[in-house]
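The values are calculated or read from the model by the stated rules, or taken from the named source; none is laboratory data. A quick note: this is a predicted structure, and the numbers were derived from the prediction, not measured. Cβ placement follows ideal geometry from the backbone for every residue including glycine, while neighbour counts extend to all protein chains displayed.
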Amino acid sequence: MMDKSEASRRIPQLRETITRHDELYYRQGSLEIEDQQYDALKRELAELEAAYPELAEGPSPTERVGDDRTEGFAKVKHRERMMSLDNTYSEAELREFDARLLRIFPEGKLSYVVEPKIDGVAVCLTYENGKLVRAVTRGNGVEGDDVTANVREGVPNLPDRLAGDAPSLIEIRGELYMTHAEFQRINSEREEKQLPLFANPRNLTAGTIKQLAGVGGRRLEIVLYGLGACEPRTFARQSEFHDAVKAWKLPTLEKYWMAENIDEAWKRIEKLDTLRHDFTYETDGAVIKLDDFALQAEAGATAKSPRWAIAYKFAAEQAETLLEKIDVQIGRTGAVTPVAHLQPVQLAGTTVSRATLHNEDEIARKDIRPGDTVVVQKAGEIIPQVLRVVTDKRPADSQPFDFAAFLKQKNIEAERVPGQAFWRLKGRDDPALIRRKLKHFASKPCLDIENLGEAVVDQLVSRGLARTPADLYTLKVEDLLELDKFAQKSSENLVSAIDASRDKEVWRLVHALGIPNVGAQSAKDLIAHFHSLPALMRATGEELIEVDGIGEIVARSIHSFFKDEEQLELVNRLIEHGLRIEEEAPAAPAEDAPLSGKTVVLTGTLPSLSRSEATALIEKAGGKSSSSVSKKTDYVLAGDSAGSKLDKARKLGVTIIDESSFREMIGE
Ligand code: IVH
């Protein structure tokens, strides 16, 4: 144990670091360190605070649950506090937990329930008279964010009504998560659009449920395992509650076990470890709970967690392999990220041959070198991490990896971003980046310029014929004749394909600009809303967020893109070259337009139209789109997982239509 003067320096340091990681995890749903490292920091702090209580004054992250509350959501108090759990990686500590309970209940025969610990996002559902009325995040444990709309929209497997008899009021707690399949689907779409990939399903779940503009077609799942308030009090045991969850036809744990003592509980935990990779959700441990609610109440809780339950966490799966070489990956925005190429190895059920190395500092901190034997780990994330080097196995002639020298040797002109750990291609003159941008600009989901594929772009750049997309519009047939495999006819074809791209839809141009985080769908939504590129460029952050499907991150990134001189110059040159920047002015709807004078409310997810597209069609047909249902609403256009608006429409007798009758109505 450290001495007091050391501890007086270390405690504030630890508090700050942990608070920062809490922020990252709970509010932004992202991670910088592994679970186990985080837990170790927290434990170190708890031990120091216990040893030197005089240094432990003021609020400490060891005694609070994290806080996921985010601006923009209504706050709702939980009827019963949502606590978090103490956790341990050691069997001995698990046995201590049991010993502590046996001291409280010396005469007791303690039965436990052993459950999988799901690595998702905690949520509390309230059902009143059997009907779902609210879904709230844990928040700070006392109050959380009202995410009812997103839960209704994003979790199609959650029943709106409990089957059979139900208490008049009940809070049911559980975990939101995303399946691997859905996670892969979203990431491969993003890969196609050259957007940054999400790190793991948990972060994406947290991010999705906290989107102000709805879940954007992402599908989440839920599993329910916990009881909060309940009127009248109906249950005596956790196992009884599990049975009820099943009987109400709510999604429940795939498996849980009863154990009559800690030895049995330990056996169940080991069993769980052999089964859990086949579950549809990520599990990172087991939760051991006293089965009897009366004993739970008697055991009570500390400031942060109950004494009647503990989480035993499984160490993340690790494997040793050879790091064959370090290479870099260049993102669309020019970020240069180091990647480890590994000798393929089996890990958590998949073959792993690449791992992220994050950045230069991470390589230096862990002293990772090509030729090293490394330990790789995969916890919830899809992309594995290099945890550490097995220095015993390091070749004698090994040298520390010099990132700057490596980039130089590969002729990558990059610079370290001031104050940050990552590198970015220098200026925007790097040929690799220029090529990337041109390819993106010409690609199918952007301006879709025929015959302007990879090989042609490479030649245009290497021969100095084009540096920016605007240069494409100055190319002449003669210029192209010098390219490989180009003759008169093919040159003419390319020039006319480029020419034709001037008149493509405006959203394609917006997508083609390569604004970070703006893919094809966002571009469509933005143009459906603003109708022109100049209007989009003028939009304030607030105006951007008003667009359905556009969140804060995207808004910020659009805003800073159009503030960048170089980008502005590019956009202006494109405008000068006559690219279309305004949607054809919608003819003012005629008096007898199909929806003239009608108000339409959209709810749920439509099979083929995004919200913005549907809104644009409503307006084009002379109608007005509104966000709330009232007696004055003429139609409710309802899609999948429509929630309370649909209920209200039914109550008020408003005509409900689906996408196909809507299309018919407006003559599309
Ligand atoms: S019981 C007071 N059971 O893990 C009891 N929690 O680290 C609190 N979790 O906040 C929860 N699976 O979000 C419980 N089978 C399970 C769980 C579980 C996952 C989460 C939950 C909790 C966190 C605690």
Inside region 103-129, the number of residues satisfying the requirement of being touching a Gly at 6+ places or on another chain (Cβ under 9 Å) and within 16 Å of the ligand (Cβ to nearest atom) is 10
Filtering region 86-102 down to residues that are within 30 Å of T205 (Cβ to Cβ) and either small (G, A, S) or within 14 Å of the ligand (Cβ to nearest atom) (or both) yields D86, N87, T88, Y89, S90, F97
Restricting attention to region 251-289, the residues that are in contact (Cβ under 8 Å) with a residue 60 or more places away in the chain, closer than 17 Å to V121 by Cα and either touching a Phe, Trp or Tyr at 6+ places or on another chain (Cβ under 9 Å) or buried (at least 21 other Cβ atoms within 10 Å of the Cβ) (or both) number exactly 9
Picking from V215, V245, V223, the residue that is over 30 Å from I330 (Cβ atoms) and at pLDDT below 95 would be V215
Across (1) at pLDDT 90 or above; (2) surrounded by fewer than 21 Cβ atoms within 10 Å (Cβ to Cβ); (3) away from the ligand (no atom under 15 Å from the Cβ), T208 clears everything bar (2)
Of the residues in region 417-450, those that are surrounded by 14 or more Cβ atoms within 10 Å (Cβ to Cβ), at pLDDT 90 or above and assigned to a loop (DSSP other than H, G, I, E, B) come to S443, P445, C446, L447, D448, I449, E450
When region 469-517 is checked residue by residue, the ones that are modelled with pLDDT of 90 or more, within 25 Å of A555 (Cβ to Cβ) and out of contact with any His (no Cβ under 6 Å at 6 or more places or on another chain) are P469, K504, E505, V506, W507, R508, L509, V510, H511, A512, L513, I515
Considering region 485-510, residues that are under 24 Å from N572 (Cβ atoms) and among the basic types (K, R), and then whichever is nearest to the chain's Cα centre (by Cα), we arrive at R508
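On the given criteria, is L45 modelled with pLDDT under 95, touching an Asp or Glu at 6+ places or on another chain (Cβ under 8 Å) and more than 16 Å from the ligand (Cβ to nearest atom)?
Working: modelled with pLDDT under 95: yes; touching an Asp or Glu at 6+ places or on another chain (Cβ under 8 Å): no; more than 16 Å from the ligand (Cβ to nearest atom): yes.
Judged against the criteria, L45 is not a match.
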Self-check item: Residue in region 480-494 that is touching a Lys or Arg at 6+ places or on another chain (Cβ under 9 Å) and among the polar types (S, T, N, Q) present
Solution: yes
**Asked** Any residue in region 316-325 that is surrounded by 15 or more Cβ atoms within 10 Å (Cβ to Cβ), of a type in the set (D, E) and within 16 Å of the ligand (Cβ to nearest atom)?
**Response** no
For region 129-158, pairs from a residue that is within 18 Å of M82 (Cβ to Cβ) and acidic (D, E) to a residue that is away from the ligand (no atom under 16 Å from the Cβ) and in a loop (DSSP other than H, G, I, E, B), with Cβ under 8 Å and 6 or more apart or across chains, are D145/T70; D145/F73; D145/A74; D146/F73; D146/A74
M83 fails exactly one of (1) within 12 Å of the ligand (Cβ to nearest atom); (2) loosely packed, with under 14 Cβ neighbours inside 10 Å; (3) among the aliphatic types (A, V, I, L, M), namely (2)
Restricting attention to region 518-547, the residues that are of a type outside the set (G, A, S), surrounded by fewer than 20 Cβ atoms within 10 Å (Cβ to Cβ) and either more than 28 Å from the chain's Cα centre (by Cα) or not in a helix (DSSP H, G or I) (or both) number exactly 5
